[in-house]
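Single-structure report; data block below.
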Amino acid sequence: MTKTLQTRFTELIGIAYPIVQGGMQWVGRAELAAAVSNAGGLGVLTALTQPTPDELRREIDRCREMTDKPFGVNLTILPTMTPPPYAQYRKAIIESGIKVVETAGHNPREHIEDFKEHGVKVIHKCTSVRHALSAERMGVDAISIDGFECAGHPGEDDIPGLILIPAAADKVKVPMIASGGFGDGRGLVAALALGADGINMGTRFCATVEAPIHPNAKRLIVENDERGTNLIFRKLHNTARVGKNSVSDKVVEILARPEARFEDVAHIVRGAHGRQLLETGDLDAGLIWAGQVQGLIHDIPTVAELIRRIVTEAQTIIRERLGPKAAG
Ligand SMILES: Cc1cc2nc3c(=O)[nH]c(=O)nc-3n(C[C@H](O)[C@H](O)[C@H](O)COP(=O)(O)O)c2cc1C
């Protein structure tokens with residue numbers, strides 16, 4: 001283990017490298033989370049990928065069989081008409097003895113308070129400085145600040161990481177990791193330089209051997225460049241960044257019509273279709289979540305290779321480009 005890359009975040013969580021795998025619907029299963037934790041990062045299971053809280057308990061057990069290192073669980077709070085039984089998922093997480101949780105989404109207060117009461121460390125992922133500060137006031141242990149580049153929900157402010165990360169670092173006091181657009185050692189060093197204590201990655205981990213998704217989906221990420229995303233649901237104020245494919249193109253086209261409403265696209269954006277894409281490799285089956293970092297992804301390594309490469313590249317940059325010689 002190297003000292004160069006130890007930060008307040010690695011100390012807080014008890015991991016070797018400041019690299020987190022963010023929660024990912026249908027992707028954040030035991031195979032991937034365990035591989036990330038075994039490689040010295042923080043792997044994260046995605047609670048809502050499991051159809052019931054009991055199945056989440058079993059997935060946590062399965063992950064424990066694959067790693068003896070710390071791993072977390074993501075709980076995403078979605079704005080939906082029929083919410084999943086969040087309190088029961090939360091109970092399953094706490095009762096399973098999970099020590100770190102990534103929360104994301106709307107109104108996380110009751111979840112954060114309950115996790116904290118039970119000694120679970122909370123990393124809250126959000127997309128603005130004001131939400132980071134509000135989560136900090138709720139008592140979270142760390143912030144994951146997600147820039148406009150990210151896959152998933154970048155919020156409505158459109159602030160890229162180059163501005164958002166230092167703007168947040170100026171105000172957030174708890175350890176903070178930078179998210180959105182990270183995929184290599186250059187990004188990790190940049191995040192540290194901008195004031196973060198580590199990085200969170202989603203899309204990059206999808207293009208790994210252990211990601212439990214169809215090879216066609218991994219290949220799409222490798223083949224796409226940095227322009228390979230669509231922003232959808234903008235006019236619904238629930239912006240999402242997804243990979244460019246026939247379905248997301250269609251959603252953009254339909255919602256561009258002045259009278260269009262969510263109901264006009266609901267049938268093609270269902271989560272079940274996205275799951276079908278990832279399972280069958282039919283790239284026109286539904287939405288695929290992916291960020292602009294696709295432009296930096298050129299291969300499908302194992303998670304261990306990827307993390308080793310990011311760490312080595314970061315150390316080399318720090319030593320050779322930013323070391324004492326560079327300082328003159
Ligand atoms: C396939 C996929 C599914 C995702 N699902 C979720 C989710 O369910 N909950 C969540 O909080 N974030 C989700 N995200 C966002 C990631 O956790 C992470 O914040 C984001 O991918 C960071 O940006 P990057 O893709 O540029 O690394 C997802 C991302 C991807 C690529």
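Please treat every number below as a calculation from the coordinates, not as lab data. If you're wondering where the values come from, they're calculated on a predicted model, not measured in any experiment. Positions of Cβ are backbone-derived with ideal geometry, glycine not excepted, and every protein chain shown enters the neighbour counts.
What to note about this one:
- When both region 134-148 and region 248-272 are represented by their alpha-carbon centers, they are found 31 Å apart.
- Cβ-placed point charges (K, R +1; D, E -1), dipole of region 1-158 about Cα centre in debye, nearest 20: 360 debye
- Cross-link partners of K235 among aspartates and glutamates (Cα-Cα below 19 Å; sequence separation of 8 or more within a chain): E149, E156, D157, D158, D249, E253, E259, E263, D264
- Loop-exposed GluC sites (Glu not before Pro) per DSSP, neighbour cap 14 Cβ within 10 angstrom, longest uninterrupted part of the chain: 1-155
- With contributions of -39500 (n - 2.57) from each DSSP H run of at least four residues, the per-residue ellipticity at 222 nm computed over the chain stands at -11000 deg cm²/dmol.
- Long-range amide H partners of N74 with built H, under 5 Å: L45, T46, A47, E102
- Here the chain is assigned +1 on the Cβ of each Lys and Arg and -1 on the Cβ of each Asp and Glu. Its dipole about the Cα centre then comes out at about 580 debye.
- Those trypsin sites (Lys or Arg not before Pro) in region 232-328 that DSSP places in a loop and that have at most 11 other beta carbons within 10 Å: K325
- When DSSP beta bridges are restricted to pairs lying wholly in the chain, around 15% turn out antiparallel.
- Loop-located trypsin sites (Lys or Arg not before Pro) across region 1-106 with a Cβ neighbour count of 11 or fewer within 10 Å are K3, with loop assigned by DSSP.
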